[in-house]
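The values are calculated or read from the model by the stated rules, or taken from the named source; none is laboratory data. Just so we're clear, the structure is a prediction, and the values are computed from it rather than from any experiment. We place every Cβ from the backbone using ideal geometry, glycine too, and count neighbours over all the protein chains shown. Heavy atoms of the whole protein, side chains included, go into the accessibility calculation; ligands, DNA and RNA do not. Shrake-Rupley method; radii C 1.70, N 1.55, O 1.52, S 1.80 Å.
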Amino acid sequence: MSLTPLTHGRLPPADDALFERIAGALETRGLAVLPAALPEAITQALLDDLAARGEDAFEDAGIGRGRDTTTNPFVRRNRIAWIDEHDDATRAWTEWTTRLRGYLNRRLFLGLFSFESHYSLYEPGDFYKRHVDAFRGQSNRVLSLVTYLNAGWRPDQGGELVIYEPEPGTPSLRVSPTLGTLVVFLSEVFAHEVLPAARTRYGVAGWFRVNASINGNIDPPR
Ligand code: OGA
Ligand code: MN
């Protein structure tokens, strides 16, 4: 009789090492910052899609979503273009975020139900003042994910994402929006802001959501 290892012929999927780095960091501090971490094929697919869409695809960003969306240029000046989960051009991104969602659900029991994301375009001088992506009990956004699409970004070009630690007195974190850098954090816990940059700044911002449907009011919308 020979003993066959249980994993025989079933190597862990290629994404798992990265997904585990994200899960481990979320587990210990609620936040993962991983420079140049997004798989290159996905970064490239997003860059290609961005080039195909062009700047005309971008609309003014609102604060909040749905009926009471307001545009306040003192809080936020940038433009966005939503990514449709059924769009073939961003299939690699949609599938990767779906696999990440499944991994985090299995590993951390987060019950993440869906994902939404958009490209962000900040012209030189644009900003997004300090904010949180979700208020406790008022939103079903649980986890925020940001990645950047700027090749050759230099530190002196600014545009950092500043992340504020929830404990008073703990220094904030500054993340340069370099190509493929991944930032994942608990939406209700970490206030953050985008500083103005000297060059156009491209990225993707997304949110994993839990299912908050009540009384036939379907949320997230389909
Ligand atoms: C957001 C956001 C950060 C960034 O869109 O809510 O905080 O670096 N984006 O673009
Ligand atoms: Mn935000």
If you check Asn72 against the conditions, is it of a type in the set (S, T, N, Q), more than 19 Å from Leu161 (Cα to Cα) and within 16 Å of ligand 2 (Cβ to nearest atom)? yes
Identify all residues within region 130-143 that are more than 10 Å from ligand 2 (Cβ to nearest atom) and open to solvent by 60 Å² or more (accessible area, probe 1.4 Å); write none if there are none. Phe135, Arg136, Gly137, Gln138
Counted residues, region 151-169 - those being open to solvent by 60 Å² or more (accessible area, probe 1.4 Å) and within 10 Å of ligand 1 (Cβ to nearest atom): 0
What is the one condition in (1) within 14 Å of ligand 2 (Cβ to nearest atom); (2) exposed (fewer than 15 other Cβ atoms within 10 Å of the Cβ); (3) of a type in the set (Ser, Thr, Tyr) that Tyr148 does not satisfy? (2)
Among the residues of region 170-186, write down those that are surrounded by 20 or more Cβ atoms within 10 Å (Cβ to Cβ), within 12 Å of ligand 1 (Cβ to nearest atom) and not in a strand (DSSP E or B). Pro177, Thr181
Any pair with Cβ under 9 angstrom, 6 or more apart, that starts in region 134-160 at a residue that is under 25 Å from Ser187 (Cβ atoms) and acidic (Asp, Glu) and ends at one that is open to solvent by 60 Å² or more (accessible area, probe 1.4 Å) and within 16 Å of ligand 2 (Cβ to nearest atom): Glu160/Arg174
Taking only region 190-201 into account, find how many residues are more than 12 Å from ligand 2 (Cβ to nearest atom) and either in contact with a strand residue (DSSP E or B) (Cβ under 6 Å, 6 or more places away or on another chain) or more than 18 Å from Pro155 (Cβ to Cβ) (or both). 5
Every residue from region 90-106 that is open to solvent by 70 Å² or more (accessible area, probe 1.4 Å) and among the basic types (Lys, Arg): Arg91, Arg99, Arg106
Which condition does Glu167 not pass, out of (1) in a loop (DSSP other than H, G, I, E, B); (2) in contact (Cβ under 8 Å) with a residue 24 or more places away in the chain; (3) of a type in the set (D, E, K, R), if it passes all the others? (2)
Please go through region 145-160 and pick out each residue that is out of contact with any Pro (no Cβ under 7 Å at 6 or more places or on another chain) and within 20 Å of Ala205 (Cβ to Cβ). Leu145, Val146, Thr147, Leu149, Ala151, Gln157, Glu160
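Tell me which residues, restricted to region 38-60, are β-branched (Val, Ile, Thr) and either outside any helix (DSSP H, G or I) or within 14 Å of Arg91 (Cβ to Cβ) (or both). Before you say what the answer is, go through the steps one by one.
Taking region 38-60 first, the residues β-branched (Val, Ile, Thr) are 42-43.
Across region 38-60, the qualifying residue is only Ile42.
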